[in-house]
Structure formats: C-alpha cells, structure tokens
Amino acid sequence: FWPAMMLRKTAAAYCELSIPAFEREVSDGTLPLPVILGGKPHWHREQIDASLADLSGAGDWRASSNLYAA
C-alpha cells in the first residue's frame, strides 16, 4: 500500500530511487515538485504516476543503450 501523499523517503522508495537520485529527478523536472502538507514536503502519488507514464511514453530508450542494443 502506497499512501496518496508521500514524504521524500517514501516517494523515492516508490520510484525505487535513492533519495539523492529522486531529488535530481525532481530538480530536472522529470518528477513533480512537492506540496507542503503539515509543514513538510509531500509528493502526490498520482502526480508521480503521471510523470512516470509520460516518461515511459518518450520512446524506446533501449535503442541507444549498449546493454539492450540489438
């Protein structure tokens, strides 16, 4: 069960990222900015899901990866 609003640590875990990697993705605009709830930054799960869906629709990244290149 993932809560609708997540603190940084939970949101990073939800994306299977370290906290620094999660912060980089937020700073780069790949993931959404937080909202302040209860005086702390929280990320809305549906906004994260939408950002990840947009990212996955960006094309087949494997074509340029040495690991997955045919």
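Restricting attention to segment 3-12, does a residue exist that is part of a helix (DSSP H, G or I), in contact with a Lys or Arg (Cβ under 9 Å, 6 or more places away or on another chain) and at pLDDT 95 or above? Checked against the condition, which is being part of a helix (DSSP H, G or I), in contact with a Lys or Arg (Cβ under 9 Å, 6 or more places away or on another chain) and at pLDDT 95 or above, segment 3-12 yields at least one hit.
In segment 1-11, which residues are under 10 Å from residue 48 (Cβ atoms) and either open to solvent by 50 Å² or more (accessible area, probe 1.4 Å) or among the small types (Gly, Ala, Ser) (or both)?
Filtering segment 1-11 down to residues under 10 Å from residue 48 (Cβ atoms) leaves 2, 6, 11.
Correct list: 2, 11.
Do you know which of the residues in segment 14-29 that are among the hydrophobic types (A, V, I, L, M, F, W, C) and open to solvent by 50 Å² or more (accessible area, probe 1.4 Å) is farthest from residue 50 (Cα to Cα)? Please lay out each step first, then the result.
Taking segment 14-29 and keeping what is among the hydrophobic types (A, V, I, L, M, F, W, C), we get 15, 17, 19, 21-22, 26.
Going one step further and asking which of them are open to solvent by 50 Å² or more (accessible area, probe 1.4 Å), we end up with 17, 19.
Numbers: 17: 17, 19: 20 Å.
Looking at residues that are among the hydrophobic types (A, V, I, L, M, F, W, C) and open to solvent by 50 Å² or more (accessible area, probe 1.4 Å), I get 19.
State whether the residues of segment 30-42 include one that is assigned to a helix (DSSP H, G or I) and either modelled with pLDDT of 95 or more or open to solvent by 60 Å² or more (accessible area, probe 1.4 Å) (or both). No: zero hits.
If we keep just the residues of segment 43-56 that are assigned to a helix (DSSP H, G or I) and of a type in the set (A, V, I, L, M, F, W, C), which is most open to solvent (accessible area, probe 1.4 Å)?
So the first thing to find is which residues in segment 43-56 are assigned to a helix (DSSP H, G or I), and the list is 45-56.
Filter once more, keeping what is of a type in the set (A, V, I, L, M, F, W, C): 48, 50, 52-53, 55.
On the way: 48: 0, 50: 51, 52: 65, 53: 58, 55: 96 Å².
Checked segment 43-56; the qualifying residue most open to solvent (accessible area, probe 1.4 Å) is 55.
The values are calculated or read from the model by the stated rules, or taken from the named source; none is laboratory data. In this text, all values refer to a predicted model and were calculated from it rather than measured experimentally. A quick note on method: Cβ atoms are made from the backbone with ideal geometry, for glycine too, and the neighbour counts reach across all protein chains shown. The protein model used for the area step is the full one, side chains on, heavy atoms only, and it has no ligands, DNA or RNA in it. Shrake-Rupley method; radii C 1.70, N 1.55, O 1.52, S 1.80 Å.
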